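Q: Below: one structure in structure tokens.
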Amino acid sequence: MDFVTELARFAATGRLGAFHVGAHLHDLVAAHGEPDCSWPVYKGRRWPHWFHHGSLENVYCRCRQLRSMSVDTWRDALEIPGPGEGESYRGPVSVTESRLTAALADAGVAWRTEWSERLPEQRTLYAEPVPQTMVGFVFVARCCDTEPIAEDWLLHTVSSYDLDHQECPGADPALPDDGYGA
């Protein structure tokens, strides 16, 4: 799997393999196994909850639907679950803004770029692959303060999140107990 091609597909569909906003924790565990680690988002509250599958960080709410996911691409190497059971991308990552925008253009993906005066060495490309789901690609001008500003900024973080999750109804009682608690 070519990681840049997979990122363009993510921008076009909102999916990284079987993982997407709205996916159910039960289905993802059945397809990809138990998460590598987990912990609550807020101290003292069980939900929402973080679950990791490799380098992919997912947040689920009490109804067990995936609400957001992210990958920190600044790490030396990643492991991202692939489209099929047991498939994954494993390897180094060094994606530049020009390389990703070329892949997005080739895939016919529309995007917009936003930046803030508070963070002049960071900008984010956003795509909305499906209504109410946003995909973001954060680029940084340099990896650390001691490096010069790069001509072609590097991808730092990839994320997707739901813009319209309503009041959570809780876990589906028709499903077997997932062992993660209410």
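The values are calculated or read from the model by the stated rules, or taken from the named source; none is laboratory data. Please read all numbers here as calculations on a predicted model, not as lab measurements. Positions of Cβ are backbone-derived with ideal geometry, glycine not excepted, and every protein chain shown enters the neighbour counts. For the accessible areas, the whole protein counts, side chains as well, though only heavy atoms, and no ligand, DNA or RNA atoms are used. Shrake-Rupley method; radii C 1.70, N 1.55, O 1.52, S 1.80 Å.
Q: Counting alpha carbon pairs within less than 8 Å and at least 6 residues apart, what relative contact order, in whole percent, applies to the chain?
A: 23 percent
Q: Normalising by the residue count of segment 135-182, find the relative contact order in percent from Cα pairs under 8 Å and 6+ residues apart.
A: Worked out over segment 135-182, it gives 33 percent.
Q: In addition: Determine the share of the chain's accessible area contributed by carbon and sulfur atoms, expressed in whole percent, with a 1.4 angstrom probe.
A: 51 percent
Q: Determine the sum of side-chain charges near Arg112: Lys and Arg each +1, Asp and Glu each -1, restricted to other residues whose C-beta is under 15 angstrom from that of Arg112. Don't skip to the end; give the middle numbers.
A: Numbers: positive: Arg123; negative: Glu97, Glu114, Glu128.
That works out to -2.
Q: Which entry in (1) 1.07; (2) 1.31; (3) 1.68 is this structure's computed Cα Rg over 2.2 N^0.38 Å?
A: (1)
Q: Sort segment 96-149 into rounded, prolate or oblate with this rule: let a ≥ b ≥ c be the square roots of the eigenvalues of the Cα gyration tensor; rounded if a/c is under 1.5, and if a/c is not under 1.5, prolate when a/b is larger than b/c, oblate otherwise. Could you put the intermediate results ahead of the total?
A: Details: a/c = 3.16, a/b = 1.67, b/c = 1.89.
The shape class here is oblate.
Q: Quick check for you: with a 1.4 Å probe and neighbouring chains kept, what is the accessible area per residue of segment 26-148, in Å²?
A: Details: 6770 Å² over 123 residues.
In whole numbers, segment 26-148 has 55 Å² accessible per residue.
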